[in-house]
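Student: Let me begin by handing over the structure; questions about it come next.
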Amino acid sequence: MAVMNDDSLARENIRNNINENIFVEAGAGSGKTTSLVDRMMAMVRGDEASGQEGRDISRICAITYTKAAANEFYGRFRKRLSEELNKPADKRAPEQVLERYRNALENIDLCFMGTIDSFCQTLLREHPDMAKIPASADMITAEEKTGMYKNIFVDMLNGKYGADAQNKAKRFCEYVPVYKQMSVIKTVTDELDNHRDARFCCKNASADPDNDLADEFKIISTIGSYVNAHPESVLTSNAKNRQFPERAQKCRSLMSGKASDDLLGFCELTKDLKYINIADPLPPQIAAAAGDLFTEELYGRGKVKKKRYIIDTDTYRTVFNEVLEQPFRATMDLCAEVLKEAVRIRRTQGRLTFYDWLYHLRNMLRDDAAKDGRLISYIREKHSYYLVDEFQDTDPIQAEIIFYLTASEETLCSDWRKCVPREGSLFIVGDPKQSIYRFKGADIEQFIRIRKMFENSAVSSVMELTKNFRSNKELCTAFNKKFSDMMPKDTDNNAAYRAIPLDDKPDDAAGTVGGVYYYKSYNDKHDTKRATQCDRMQTAEIIKRLVGDERFKISRYDKNTDTCYADTIKFSDIMVIVFSKNDVGIYMNELTDKNIPVMAEGKIFFSKCEMLKAVKDVAECVADPKNSAALYNVLTGPFGGISENELASLRAEGASLSLFERKNKCLDAHPAVKKTVLTLYGLYQDSLKLSPTAVIELICDKLEPEKYFSSNDLEYYYFALELVRKAESSGEITDLPAAAKMLNDLANDKSSEERCMALQQELDRVRVANLHKVKGLEAPVVILASPKSTEFPPSYYIKRFEAADSQGYNENMYVFELTDKDTNMTAAKSSENRGEARLEQHQSDGEDLRKLYVAATRAEKLLIISQAYVSGDGGEERQDTLYWSELREMCSGDFFDVFTADPDKAPISGRAEADAEELVADAELTDFGKDAGSRQKTYTVKLPSDIKVSKKGDAEKPADPQENADEPEYEPEDPELSAEETQASEAPEVSPDDEEATVADVPANIMGTMVHRLMEKLVTAKQSYTDESINSVIAEITADHWHEDDTVFAALKKVYTTMTTGGYPQSNKRDSDLLAVLADAECHCELPFCFTDDDNETESGEKVRKVVNGVIDLAYCKDGSWYIVDYKTNKVGTGLDEHYADQLAAYKKALKTLLGVDAQAYIYHIAVR
């Protein structure tokens, strides 16, 4: 279909034509999110007159690029639904449409709104068997991944993976020094891992360097030997000239040996040779061995010149290319092998990276598309309609996934480019001019290619949104002039700029400022005379001049009166954009020093939050009562306030640091210590019956942190608590130790979490963000600061194919230079593939222009651009060609000439900070960090274990809603526990350290979890363990869920022995020898599920939709029939099938939903107690 470039018609089509697939190219400030919300509303509403049925909200998926975007979209969509339902009667939609809106609002949480990563994880967790990953698969940490690389590398050196891998590991060690090896392996393997679809285009390292590099070695040894014997022949005017003779001295033995004696030294000598200068005349030995390498050069000052011999660069590269490339090739050989094993191990263990989730889902869908498409059809029933935001930032594998899921049955095939989306199934929004994530795989060429696919499709169309609702007329005029020149047409590395229509742009209020200005800045490291005019100081001065000055007002819009008015500039009106994330802290410190309130957009540095560290210590202490280090931190921290001397005195009196020491008489003389320990012990008891988030929230409630910490600390804390809550809801954390570990990672800045929520209380602060974090942001005043050089060498080039080649590769990868981002150390470098390097540089040049576009278009009223200047010795100055310099011609003048300082203006009085108690109240109001179960939802979530079982007398006992109203909502895992067992599980009074401790002292839910883990190991192994291996397995289980405990260990060992020698007798007449039954069966352990159940009524008779999710302990297929097994560790083992009939029914319905099969379900009782 033709491209619709009429903005108004395009927006109308987005709102009304839901049966058409639409590709929207939307410029900056054009209202991309609004267009997505409009489309969503139209999908819910439908249009019966035109035959367009409304869509079920639960079948719609909104895919965003970031969590923040997902949260914003969710909030705006929910708000629009509420507004439609609350309109006056004369303006409301027809009742049938209102009913659809009402249903969508009630079930909004059934609609997926999130990132592509989380969507992929959702699908894989629903179908782990099809993807060939464990049902318990989870995200691997960076530390785990690095440790895995190290273990694989060591095992390769020891020959575990065969002779070929061992030789590659040894060769790598010969070329790479020990101190760099793990840094190199991590950096290179990570990069290759993220491009697993690619063939790594690199030659193999030489297996016989003595033979293959003999000619080159002869040249190096000849020159080196001569230089060692005649050091005076080398001219050493600078450090580089001295490198070869100095290294030749260190490698004297190499000169009389062979290359393989010291391959690293050989390569380093070869690199140093490039800078050698030899005095005239050129020695005959060198001339004979390498005369072509050298060229004459005259040097010296004045009229008298001398002759010397230097290396000819082109000849040097030709002669020594094979030597220079050996370290790179050896590195690539090894890292490719390490990656192969790492991928296999991660998949087996279920410890996956972000890319793994994408990769395995894509492969699962591609395989299904090549067969009969049954799985895709099944997924389509749940996830039918897709809205994809920021499409310019998606990589090819993400696009491939979307096209498989939306393909019509007639066009579905393994080549996603041939898949045509079903009518109305796909809505894409993006702006190719804002594609600035090439380093993450985003590809503007793909964007343009898919746009053409829509243009050429009979069921799809392309719309262009060109209006800009963000920037004023003055800025839009400047944008049109500059960016039309910079991006005049579609090219292979950029998209054409579409001019912003100006006819209907309203004027700003009278007496306000706006437009584009520049300011001069100088490098304070090189220009000490201008140190006070360095960029960060100039930025602070600009902010001080603008804020609160009655002469410099900006125009604001009043929705109630539909008019503009002039208002003074506040701190929160200003956003400072810096070039790199490393500059964010520098500018924040400078602004803070100048008493300017500031906040950072992007990554959150939780290490600055002292409150989070304190709560983390409490959580660790409560999670493990024996953790003396955590208890020590709590006692000496703000919550305890105990001196180190007092604790030393307490230890001298015979007390140890443990919560189980609470009854120690020594504590009576230390009331403050005793009070804190008793409080912590109470939290420990509560933790045995509460969810992880609820425990952390309870810690906050009991310790009243607002008394000890600032509002800034509280804001960080509430954000961290919200992250923990989300991790618990998604199943990433299931117990308090895992939650404590997450808090610890956050407190140590091991997380890459970014700000994706904010409390209602908006503080008046300047925002500082790096260039890659400003997309989606805007501000009345934008300062483009921190001018930098953009001349960065390309890292790699990806050449994509139209279709996968015969070996299944979709692309070629050419690596040029990879750098360890933590150390800035070069990990791998190659001088080959220069043609591909030029192609990548060409693409990078296009992205540099797009970065300028992204940065400039954040401004609403006023854009201020730093221009780097260099001053000479005589006072003259010139403009430096650093970043932002290309925007200079947009500017109408020097900021400091136009916005003069006011000598009578009062200085900035201080930093803005919220009141801590108000922030706590605000968090309570907005429910931030609250336990998932305490939030009001549009649906109820049920776990099968929560389904009530029938007890004698239940029918006669009336429900009392006020009974135990203040008690935590908690139900033991096993309702048949005796009163004594329930009491033991809720408040174990016996320390795990006590000699007479028994299994009954372990909370029932924890003991049950350990038994379940052991059963999973036994079933999946399908073979007998050795004593040593089963002991290791049991030790790991107890360490993860309890602690070292001989009694618990013995109990689990007894379970193992019983199960492997015939099993437990079952009162339900099922086979006791379960492992024998499963020997030739298809088994699935810990199978997660989620399904909706609409057949539910409240006591008032109101229909309620329930989402039932959980995990099936064991499902197996034997002789064509399916069975479900649920393990129970109740004390009483009779009548369990009847007792848990409703739970078993839920499991059967879940398996029917998952696999489409009917099954028998029964309890397998394991008599632990």
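The values are calculated or read from the model by the stated rules, or taken from the named source; none is laboratory data. Quick caveat: nothing in here was measured; it's all calculated off a predicted structure. Please note: Cβ atoms are built from the backbone with ideal geometry, for glycine as well, and neighbour counts cover all protein chains shown.
Student: Could you pull out every one of the strands (runs of 3 or more DSSP E) wholly within region 384-497 that has 1 or more residues that are acidic (Asp, Glu) and at pLDDT below 95?
Tutor: On the way: elements: 385-388, 426-430, 460-465.
Per the criteria, 460-465.
Student: Any residue in region 267-286 that's surrounded by fewer than 15 Cβ atoms within 10 Å (Cβ to Cβ): show its pairings with residues that are assigned to a helix (DSSP H, G or I) at Cβ separation under 8 Å, as long as the two are six or more apart or on different chains.
Tutor: Cβ pairs passing all conditions: 285/222; 285/226.
Student: Somewhere in region 361-378, is a residue of a type in the set (Lys, Arg) and part of a loop (DSSP other than H, G, I, E, B)?
Tutor: Within region 361-378, the subset of a type in the set (Lys, Arg) is 362, 366, 371, 374.
Restricting the remaining residues to those that are part of a loop (DSSP other than H, G, I, E, B) gives 371.
Among the residues of region 361-378, at least one is of a type in the set (Lys, Arg) and part of a loop (DSSP other than H, G, I, E, B), which makes the answer yes.
Student: Mind checking whether some residue in region 54-67 is assigned to a helix (DSSP H, G or I), over 28 Å from residue 1150 (Cα atoms) and of a type outside the set (S, T, N, Q)?
Tutor: Checked region 54-67: at least one residue is assigned to a helix (DSSP H, G or I), over 28 Å from residue 1150 (Cα atoms) and of a type outside the set (S, T, N, Q).
Student: Based on this model, can you work out whether residue 555 counts as farther than 28 Å from residue 870 by Cα, touching a Cys at 6+ places or on another chain (Cβ under 8 Å) and touching a residue at least 40 places away in the same chain (Cβ under 8 Å)? Talk me through it step by step, then tell me what you get.
Tutor: Details: farther than 28 Å from residue 870 by Cα: yes; touching a Cys at 6+ places or on another chain (Cβ under 8 Å): yes; touching a residue at least 40 places away in the same chain (Cβ under 8 Å): yes.
Yes.
For every residue, the table says whether it meets (1) crowded, with 19+ Cβ neighbours inside 10 Å; (2) touching a residue at least 40 places away in the same chain (Cβ under 8 Å).
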position: 340; (1), (2): no, no
position: 345; (1), (2): no, yes
position: 391; (1), (2): yes, yes
position: 401; (1), (2): yes, yes
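Student: Just a yes or no: is a residue in region 1117-1128 at pLDDT below 90, under 19 Å from residue 1164 (Cα atoms) and crowded, with 19+ Cβ neighbours inside 10 Å?
Tutor: There is at least one residue in region 1117-1128 that is at pLDDT below 90, under 19 Å from residue 1164 (Cα atoms) and crowded, with 19+ Cβ neighbours inside 10 Å.
Student: Follow-up. Give the residue, chosen from 148, 139, that is buried (at least 19 other Cβ atoms within 10 Å of the Cβ) and closer than 30 Å to residue 182 by Cβ.
Tutor: 148
Student: If residue 218 meets every condition in (1) closer than 17 Å to residue 329 by Cα; (2) of a type in the set (D, E, K, R); (3) surrounded by fewer than 20 Cβ atoms within 10 Å (Cβ to Cβ) apart from one, which number is that one?
Tutor: Condition not satisfied by residue 218: (1).
Student: A further question follows. Looking only at residues that are part of a helix (DSSP H, G or I) and at pLDDT below 85 in region 593-611, which one is surrounded by the most Cβ atoms within 10 Å (Cβ to Cβ)? Please lay out each step first, then the result.
Tutor: Of the residues in region 593-611, the ones part of a helix (DSSP H, G or I) are 593, 606-608, 610-611.
Subset that is at pLDDT below 85: 606-608, 610-611.
Working: 606: 23, 607: 14, 608: 13, 610: 19, 611: 26.
Checked region 593-611; the qualifying residue surrounded by the most Cβ atoms within 10 Å (Cβ to Cβ) is 611.
So that you can scan it fast, the table gives a plain yes or no per residue for (1) surrounded by fewer than 16 Cβ atoms within 10 Å (Cβ to Cβ); (2) without any contact (Cβ under 8 Å) to a residue 60 or more places away in the chain; (3) hydroxyl-bearing (Ser, Thr, Tyr); (4) more than 30 Å from residue 6 (Cα to Cα):
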{"residue": "505", "(1), (2), (3), (4)": "no, yes, no, no"}
{"residue": "515", "(1), (2), (3), (4)": "no, no, no, no"}
{"residue": "550", "(1), (2), (3), (4)": "yes, yes, no, yes"}
{"residue": "568", "(1), (2), (3), (4)": "yes, yes, yes, yes"}
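Student: Please state which one of 657, 698 is buried (at least 20 other Cβ atoms within 10 Å of the Cβ), in the same structural domain as residue 629 (by TED's automatic domain parsing) and among the aliphatic types (A, V, I, L, M).
Tutor: Numbers: 698 fails: buried (at least 20 other Cβ atoms within 10 Å of the Cβ).
None of the others qualify; the one that does is 657.
Student: Residues that are polar (S, T, N, Q) and crowded, with 18+ Cβ neighbours inside 10 Å: does region 2-12 have at least one? Before you say what the answer is, go through the steps one by one.
Tutor: Narrowing region 2-12 to residues polar (S, T, N, Q): 5, 8.
Subsequent filtering for residues that are crowded, with 18+ Cβ neighbours inside 10 Å retains none.
Scanning region 2-12 turns up no residue that is polar (S, T, N, Q) and crowded, with 18+ Cβ neighbours inside 10 Å.
Student: For the structure I just gave you, tell me whether residue 757 is at pLDDT 90 or above and not assigned by TED's automatic domain parsing to the domain that holds residue 397. Walk me through how you get there before you give the answer.
Tutor: On the way: at pLDDT 90 or above: no; not assigned by TED's automatic domain parsing to the domain that holds residue 397: yes.
No: the conditions fail for residue 757.
Student: Another question, if that's okay. Just checking: which of the helices (runs of 4 or more DSSP H) contained wholly in region 144-232 hold 2 or more residues that are closer than 30 Å to residue 287 by Cα and either in contact (Cβ under 8 Å) with a residue 12 or more places away in the chain or not acidic (Asp, Glu) (or both)?
Tutor: Working: elements: 163-175, 178-193, 209-212, 214-229.
Fully inside region 144-232 and qualifying: 209-212, 214-229.
Student: Turning to a different aspect of this structure: Tell me the residue from 30, 35 that is crowded, with 19+ Cβ neighbours inside 10 Å and either in contact with a Gly (Cβ under 9 Å, 6 or more places away or on another chain) or outside any helix (DSSP H, G or I) (or both), please.
Tutor: Values: 35 fails: either in contact with a Gly (Cβ under 9 Å, 6 or more places away or on another chain) or outside any helix (DSSP H, G or I) (or both).
Residue meeting the stated conditions: 30.
Student: Does residue 626 count as assigned to a helix (DSSP H, G or I) and surrounded by 17 or more Cβ atoms within 10 Å (Cβ to Cβ)? I'd like the intermediate steps shown before the answer.
Tutor: Details: assigned to a helix (DSSP H, G or I): no; surrounded by 17 or more Cβ atoms within 10 Å (Cβ to Cβ): yes.
No: the conditions fail for residue 626.
Student: Here are 125, 76: which of them is surrounded by fewer than 18 Cβ atoms within 10 Å (Cβ to Cβ) and in a helix (DSSP H, G or I)?
Tutor: 76
Student: Closer than 30 Å to residue 808 by Cβ and surrounded by 17 or more Cβ atoms within 10 Å (Cβ to Cβ) - does that describe any residue in region 460-468? Talk me through it step by step, then tell me what you get.
Tutor: So the first thing to find is which residues in region 460-468 are closer than 30 Å to residue 808 by Cβ, and the list is 460.
Subsequent filtering for residues that are surrounded by 17 or more Cβ atoms within 10 Å (Cβ to Cβ) retains 460.
Checked against the condition, which is being closer than 30 Å to residue 808 by Cβ and surrounded by 17 or more Cβ atoms within 10 Å (Cβ to Cβ), region 460-468 yields at least one hit.
Student: State which residue is surrounded by the fewest Cβ atoms within 10 Å (Cβ to Cβ) when the search covers only region 1138-1164 and only residues that are under 16 Å from residue 1088 (Cα atoms) and polar (S, T, N, Q).
Tutor: Only one residue tops the list, namely 1153.
Student: Mind listing whichever residues of region 238-278 are among the small types (Gly, Ala, Ser) and not in a helix (DSSP H, G or I)? Before you say what the answer is, go through the steps one by one.
Tutor: Initially, region 238-278 is screened for residues among the small types (Gly, Ala, Ser), giving 239, 248, 253, 256-257, 259-260, 265.
Answer for region 238-278, where residues must be among the small types (Gly, Ala, Ser) and not in a helix (DSSP H, G or I): 256, 257.
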